[in-house]
Amino acid sequence: IVAAASHADLIFVLDSNIWISAILFGGDAERVVQFARTEVKLISSDYITDEVASFLQLYRPKLPHKFVVAVRHGMGEFAVPVRSEELAGVVRDVNDEPIVRLALDYGAIIVTGDKDILESDAAPAMTLREFMELFELAQDD
């Protein structure tokens with residue numbers, strides 16, 4: 001995926017599962033988010049932000065509303081418009097389609113733990129661990 005380009009030329013999309021893990025549990029996911037925010041070209045979308053905020057509100061209802069608003073604001077810094085049309089049948093889970101479309105629109109690599117995206121040939125994708133190895137980031141054991 002990354003052999004042909006220098007790291008500075010790479011664009012990444014962090015799937016919602018990476019953001020959620022970083023926000024709730026820290027660790028490797030948080031290190032990847034912090035690194036990606038400053039060291040690579042990171043893009044996101046309103047869809048990913050909405051998915052993360054909805055998850056937090058549903059599964060962590062005691063989180064203060066201001067916290068969820070701050071998450072939305074922080075993630076919104078990286079939001080870009082999704083330009084392509086629907087990709088019917090390209091990914092098994094229809095909920096993954098907006099993330100794949102975003103990556104295809106901008107030539108980005110998706111960082112995810114979602115097997116459907118990782119096993120699909122629809123867009124380039126890598127795991128959190130692969131991202132950390134690519135950038136030689138220290139990992140939790």
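The values are calculated or read from the model by the stated rules, or taken from the named source; none is laboratory data. In this text, all values refer to a predicted model and were calculated from it rather than measured experimentally. Methodologically, a virtual Cβ is constructed for each residue, glycine included, from the backbone with ideal geometry; neighbour enumeration extends over all protein chains shown. Note: areas computed on protein heavy atoms with side chains; ligands, DNA, RNA excluded. Shrake-Rupley method; radii C 1.70, N 1.55, O 1.52, S 1.80 Å.
Take the solvent-accessible surface of the protein heavy atoms, probe 1.4 Å, and return the percent of it on the chain that carbon and sulfur atoms account for. Could the numbers behind the result be given before it?
Working: 4060 of 7840 Å².
Answer for the chain: carbon and sulfur cover 52 percent of the accessible area.
Return the sequence-ordered ³J(HN,Hα) values of segment 49-55 in whole Hz as given by the Karplus equation 6.51 cos²θ - 1.76 cosθ + 1.60 applied to θ = phi - 60°, using x for Gly and Pro.
Karplus-based 3J(HN,Hα) across segment 49-55 equals 4, 4, 5, 5, 4, 4, 4 Hz.
If you take every residue apart from PHE25 with its C-beta less than 14 Å away from the C-beta of PHE25, what net charge results, scoring Lys and Arg +1 and Asp and Glu -1?
Details: positive: ARG31, ARG60; negative: ASP28, GLU30, ASP140.
Net local charge, PHE25 excluded: -1.
Among LEU128, LEU42, LEU58, which one shows the biggest mean-square fluctuation in a GNM of the chain, springs joining Cα atoms closer than 10 Å?
Top of the fluctuation ranking is LEU58.
What value in Å³ per residue do you get for the convex hull of the alpha-carbon atoms in the chain?
Numbers: hull volume 15.9 nm³, N = 141.
It comes to 113 Å³ per residue, whole-number rounded.
Between rounded, prolate and oblate, where does segment 64-141 land on the alpha carbon gyration tensor, with a ≥ b ≥ c its root eigenvalues, rounded for a/c under 1.5, else prolate if a/b exceeds b/c? The partial results should precede the final answer.
Values: a/c = 1.81, a/b = 1.08, b/c = 1.67.
Oblate.
Suppose each label sits 7 Å from its Cα in the direction of the beta carbon; what would the PHE25-VAL94 distance come out to in nanometres?
2.9
Between PRO124, PRO81, PRO61, find the one with the highest GNM mean-square fluctuation for the chain; connect C-alpha pairs within less than 10 Å.
Maximum fluctuation in the GNM of the chain, among the listed residues, is at PRO61.
For every helix of n ≥ 4 consecutive DSSP H residues, a contribution of -39,500 (n - 2.57) applies; sum these over the chain, divide by its total residues, and give [θ] at 222 nm rounded to the nearest 500 deg cm²/dmol.
Values: 7 runs with 71 residues, N = 141.
Mean residue ellipticity, 222 nm, calculated: -15000 deg cm²/dmol.
Taking 0.36 nm per residue of sequence separation and subtracting the Cα-Cα distance, how much length would be gained by fully extending the chain between LEU87 and GLN57, in nm to one decimal? Don't skip to the end; give the middle numbers.
On the way: separation 30, 0.36 × 30 = 10.80 nm, distance 2.88 nm.
Taking 0.36 nm per residue and subtracting the Cα distance, the gain is 7.9 nm.
Taking a cut-off of 15 Å between Cα atoms, list the aspartates and glutamates near LYS41, but don't count ones fewer than 8 places away on the same chain.
ASP9, ASP15, GLU77, ASP105
Amide H neighbours of MET126 under 5 Å, counting only residues 5+ apart in sequence or on other chains, H built in-plane at 1.01 Å?
The answer is ILE110, VAL111, THR112.
For the pair ARG37 and ASP9, how long in nm is the line joining their label points, each one 7 Å along Cα→Cβ?
2.9
Compute the accessible area per residue over segment 21-71, keeping the other protein chains in place, probe 1.4 Å, unit Å². Mind dumping the intermediate values first?
Numbers: 2970 Å² over 51 residues.
Dividing the accessible area of segment 21-71 by its residue count gives 58 Å².
Got a sec to turn the phi values of segment 63-80 into Karplus ³J(HN,Hα) couplings, 6.51 cos²θ - 1.76 cosθ + 1.60 with θ = phi - 60°, whole Hz, x for Gly and Pro?
Once rounded to whole Hz, the list reads 5, x, 4, 4, 5, 5, 4, 5, 4, 4, 5, x, 6, x, 4, 9, 6, 10.
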